[in-house]
Amino acid sequence: MKDTAFFLGKGGVGKTTLSSAFALELARSGKKVLIASLDPAHNLGDTLYTKLNGQPRRVEPNLDALEVDLGEWVERYLEDSRRQLKENYSYNLALNLDSFFSILKYSPGTEEYAVLWAIEDVHCRLAPDYDYVVFDTPPTALSLRFLSLPFISGMWVAELTKLRERILERRQTITRLNPESPVAASCVDKDDDKVYGKLSNIRARLSALATLFSKQSFMSVIVNPDDLSVYEALRIRDELDRLGLPLEAVCVNKQGVSDAAWHLAPELASLSRFDFDFTREGIHSRDDLARIGMKPLVQLFLKEGKKR
Amino acid sequence: MPRKLKHILKQALLTAVQVNRDKATGIMEFELKELENIFALLILGGFAGLPSPPAPIAVELLPYMERELTILLARTDLSQDPLATLMDMLQVD
């Protein structure tokens, strides 16, 4: 069943506006909805006219919202690793641990992992209290990286697990042949080996996220009536195709904002298309958001959700 | 006296058995250390420019890799003279 929606697209196309309107329409139709912003530059609270933080906050009777604090997730994850490192090393190998971890904060991939673990937290801890979860995503580059992580990291973890199994088999054989060997003092069973346990744990978490993205999520791409946002939507579609993630709808936002010629690429034209007019008067309240005509997209989402 | 002799003979036999066991598993232990070294290199290779899993995965595994890190450091010393290491393992004087 598809109970999670992601809105992707180039920066500035209206992801936050459309995902808020989508969540609002779902909530006003009687479903219990949580909308979470994954964008490091949050503006979900501004769109919903409610001050938000990292915990779900009531916006309307059936609608809660939160803005994921990525900095806090990075800190939490590094603090956890730092604590385990200090606990497990019998000699003080890591004298400059704190400076090492403060550098890791800026290591490539850390922010994407923080997004991933934040999604996991929303999915496992918060989502059971709601009928549907809607994610407002960051601009394309970061979104595609976190969507691909469960698949790419999953391959790494699978290979490392195989190598670890070989190591444990060798240790078992040596211990059987020569119980006096120093190897006998190390872990020989999968159940006792903490590295194997950790690899299995990471693998299970990544696999659950891969399932969430590929089987439980409804992916929409948002474009504006201009070529740049369409080109980026094509790149999103290609990348999602490569990862085996189905893209199900294209939302053309701000229709009528300009008279310049443009066309929707044929690759996107095959998707279900939803048009949203540019509102010259602007959006000044949640009721204005609710009027932008989200019903057909919500109906498709509910229909797709029931399929599996 | 015969009891003491029996004890000495038993100890000699046990030592001989242990020496043979050590010889039998020596090459396997070397191979195991190589595997553990490769495992550590794969996890930490990013720091030396080798392809490696994303840093956050390496950091999650790091707290449990004390043995592998010790082997990795020992191997770094041995890598200066790999031929001598090989000859030593094959017991060539």
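The values are calculated or read from the model by the stated rules, or taken from the named source; none is laboratory data. If you're wondering where the values come from, they're calculated on a predicted model, not measured in any experiment. Glycine gets a Cβ as well: all are built from the backbone with ideal geometry, and neighbour counts include every protein chain shown.
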Q: Would you list the helices (runs of 4 or more DSSP H) that sit entirely within chain B and hold 3 or more residues that are within 25 Å of residue A:184 (Cα to Cα), more than 10 Å from chain A (Cβ to nearest Cβ) and modelled with pLDDT under 80?
A: B:66-78, B:82-89
**Q.** Residue pairs meeting the criteria (Cβ under 8 Å; at least 6 apart or on separate chains; first more than 11 Å from residue A:179 (Cβ to Cβ), in region B:18-29; second among the charged types (D, E, K, R) and surrounded by fewer than 16 Cβ atoms within 10 Å (Cβ to Cβ))
**A.** B:22/A:180
Q) Can you tell me which of A:21, A:41, A:36, A:27 is of a type outside the set (Asp, Glu), out of contact with any strand residue (DSSP E or B) (no Cβ under 7 Å at 6 or more places or on another chain), within 30 Å of residue A:246 (Cβ to Cβ) and at pLDDT 90 or above? A) A:21
Q: Filter region A:54-68 down to the residues that are surrounded by fewer than 21 Cβ atoms within 10 Å (Cβ to Cβ) and outside any strand (DSSP E or B), then identify the one that is nearest to the chain's Cα centre (by Cα).
A: A:54
Q.
Name the residue that is farthest from residue A:210 (Cα to Cα), counting only residues in region A:222-251 that are assigned to a helix (DSSP H, G or I) and of a type in the set (D, E, K, R).
A. A:227
Q) In region A:252-295, which residues are acidic (Asp, Glu) and either under 27 Å from residue A:51 (Cα atoms) or outside any loop (DSSP other than H, G, I, E, B) (or both)? A) A:267, A:275, A:277, A:281, A:287, A:288
Q: Could you grab me the full set of residues in region A:168-181 that are in a helix (DSSP H, G or I) and facing chain B (nearest Cβ under 7 Å)?
A: A:170, A:171, A:173, A:174, A:177
Q | Failed condition for residue A:102, given (1) more than 8 Å from chain B (Cβ to nearest Cβ); (2) in contact (Cβ under 8 Å) with a residue 24 or more places away in the chain | A | (2)
Q: Sort out which residues of region A:182-211 are within 9 Å of chain B (Cβ to nearest Cβ) and among the charged types (D, E, K, R), and write them in order of number.
A: A:193, A:194, A:198
Q) Consider residue A:135 against the criteria (1) surrounded by 22 or more Cβ atoms within 10 Å (Cβ to Cβ); (2) out of contact with any Phe, Trp or Tyr (no Cβ under 8 Å at 6 or more places or on another chain); (3) among the aromatic types (Phe, Trp, Tyr): it satisfies all of them except one. Which criterion is unmet? A) (2)
Q) Taking only pairs six or more apart or across chains, which ones have beta-carbon atoms under 6 Å, a first residue in region A:143-167 that is more than 9 Å from chain B (Cβ to nearest Cβ), and a second residue that is of a type in the set (D, E, K, R) and surrounded by 15 or more Cβ atoms within 10 Å (Cβ to Cβ)? A) A:144/A:239; A:145/A:112; A:146/A:112
